[in-house]
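So the structure is just underneath, and the comments pick up after that.
The values are calculated or read from the model by the stated rules, or taken from the named source; none is laboratory data. Keep in mind it's a predicted model, so treat the numbers as computed, not measured. Note that we place each Cβ from the backbone using ideal geometry, even for glycine, and neighbour counts take in every protein chain shown.
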Amino acid sequence: MVENICHKESPSQTAGPYVHIGCLPNFLEIGDVYPQDLGATMYSAGRGGESITLTGRLFDGAGAVIKDAMVEIWQANAQGRAPAPGDAFTGWGRQACDLTTGVFTFQTIKPGAIVSGALRQSPHISVWIVARGINLGLHTRLYFPDEDNRDDPVLALLDQARRTTLIAVQKTGGYVFDIYLQGDAETVFFDV
């Protein structure tokens, strides 16, 4: 007699401890894969726009810094448009969090507002996070505190307390955007 065996779905794969090997080999001092890690440099001379430094850390539900994550950002150029092939600004960057401090750092430009007809999105940067223990990459946005964000259609969907989790802190020469994966200060994430 053949037994009817139910096969349960196995859990999704997480990014695991090996995400850096495939995506950021130079960060781990694995040479001869790429001249530099993809996304390490977002612009070259002649890019236009205001240069900024964006830093931040990721925190788990217990408030501990996550040190082995990878962060990607996408953004418009200073004129609020998607960069075109061959532009001096790519609009995309990828960085590992420092394995000691957990800090991620991007050298980029401040994006412009995205305008389509009557719809205006405030200057923002889309952020994607992967790390060991995260089944699917997490998507969020970073907004700038020195911009008028009142009419942004995405922020308008959130209550005021939750909006603050998407606003970076301005520092000399740049911005700090800490991301909380769980807890009272949990950053808003988007299901995209």
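Odds and ends about this structure:
- Every residue from the stretch 110-129 that is surrounded by 20 or more Cβ atoms within 10 Å (Cβ to Cβ) and of a type in the set (A, V, I, L, M, F, W, C): I125, V127, I129
- Test result for L166, hydrophobic (A, V, I, L, M, F, W, C) and in contact with a Phe, Trp or Tyr (Cβ under 7 Å, 6 or more places away or on another chain): yes
- Meeting the requirement of 1 or more residues that are closer than 19 Å to R81 by Cβ and in contact with a Leu (Cβ under 7 Å, 6 or more places away or on another chain), the strands (runs of 3 or more DSSP E) wholly within the stretch 96-192 are 104-109, 124-130, 138-143.
- The stretch 73-88 residues that are over 23 Å from H139 (Cα atoms), paired with ones that are among the basic types (K, R) and assigned to a loop (DSSP other than H, G, I, E, B) (beta carbon under 9 Å, 6 or more apart): D87/R47; A88/R47
- Single residue of D98, D152, D146 found to be acidic (D, E), modelled with pLDDT of 90 or more, more than 15 Å from R57 (Cβ to Cβ) and surrounded by 14 or more Cβ atoms within 10 Å (Cβ to Cβ): D152
- Subset tally (residues that are at pLDDT 75 or above and among the aromatic types (F, W, Y)) for the stretch 19-77: 3
- Contacts under 6 angstrom Cβ, first residue in the stretch 148-159 being within 11 Å of R120 (Cβ to Cβ) and touching a residue at least 12 places away in the same chain (Cβ under 8 Å), partner among the small types (G, A, S) and surrounded by 10 or more Cβ atoms within 10 Å (Cβ to Cβ), 6 or more apart: N149/S122; D152/S122
- Neighbours by Cβ (under 9 Å, 6+ apart or cross-chain): first from the stretch 165-192, at positive phi; second in a loop (DSSP other than H, G, I, E, B) and exposed (fewer than 12 other Cβ atoms within 10 Å of the Cβ): G183/G61; G183/A62; G183/G63
- Test: residue in the stretch 61-71 that is out of contact with any Cys (no Cβ under 8 Å at 6 or more places or on another chain) and surrounded by 20 or more Cβ atoms within 10 Å (Cβ to Cβ): no
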